[in-house]
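The values are calculated or read from the model by the stated rules, or taken from the named source; none is laboratory data. All values derive from a computational prediction rather than experimental measurement. When we count neighbours, we look across all protein chains shown, and the Cβ atoms used for this are built from the backbone with ideal geometry, even at glycine.
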Amino acid sequence: MSKLSSLPEQRKPAKESSLESERFVLDSYALLAFLEGESGGAEVERLVRQASARRCELLMSVVNLGEVLYITERERGLHKVHEVLARVDELPIRIVDADRDHVLAAAHIKAIWPVAYADCFAAALAKLEGATVVTGDPEFRKLEALVPIVWLKATD
């Protein structure tokens, strides 16, 4: 049975969130901030340490991983993609394939909220897994009523 029906039809505030939650979904912004040492990367690094110590779980949609990889290839070349993928494979992040429920939930979000399709996969994964999105992407402001979000700081 599809979990599509579990998504809210109306916009109502999602619960407040913090780095004390148990499950987190990293979007491409968060992973790139961590990998590139950009603003917010220190907060993601803290989550990676917590996940290594089994104090939280980190998840990422395979679609968002693909987004990280195409951005990396476009900006730094294919050789860097292989390095990034090897590094990601060593991290305590569960990469979640986009199964039917995930795709249906992402499509439903895209139909209602004007956000990038890849962002819908991060939000859908958070919704399906009862997790909090970790991002600094302002596009997610449109989804604050749908999923809890931990906002990465603009500057370290």
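Brief remarks follow.
- Test: residue in region 90-101 that is in contact with a Phe, Trp or Tyr (Cβ under 8 Å, 6 or more places away or on another chain), modelled with pLDDT of 95 or more and among the acidic types (Asp, Glu): no
- Put simply, of ASP119, ASP156 the only residue that is at pLDDT below 95 and within 19 Å of LEU31 (Cα to Cα) is ASP156.
- In region 40-53, the residues that are in contact (Cβ under 8 Å) with a residue 24 or more places away in the chain reach residues that are among the hydroxyl-bearing types (Ser, Thr, Tyr) and part of a helix (DSSP H, G or I) with C-beta atoms within less than 8 angstrom, at least six apart or across chains, in these pairs: GLY40/TYR29.
- Candidate set from region 118-144 (those that are charged (D, E, K, R) and touching a helix residue (DSSP H, G or I) at 6+ places or on another chain (Cβ under 8 Å)); member that is surrounded by the most Cβ atoms within 10 Å (Cβ to Cβ): ASP119
- Only a single criterion out of (1) among the aliphatic types (A, V, I, L, M); (2) in contact with a helix residue (DSSP H, G or I) (Cβ under 6 Å, 6 or more places away or on another chain); (3) exposed (fewer than 13 other Cβ atoms within 10 Å of the Cβ) is not satisfied by LEU78, namely (2).
- Against the test of being in contact (Cβ under 8 Å) with a residue 12 or more places away in the chain, among the charged types (D, E, K, R) and either in contact with a Ser or Thr (Cβ under 7 Å, 6 or more places away or on another chain) or surrounded by 15 or more Cβ atoms within 10 Å (Cβ to Cβ) (or both), the options GLU57, GLU73 yield a single qualifying residue, GLU57.
- Of the residues making up region 84-117, just one is surrounded by 13 or more Cβ atoms within 10 Å (Cβ to Cβ) and among the acidic types (Asp, Glu), namely ASP101.
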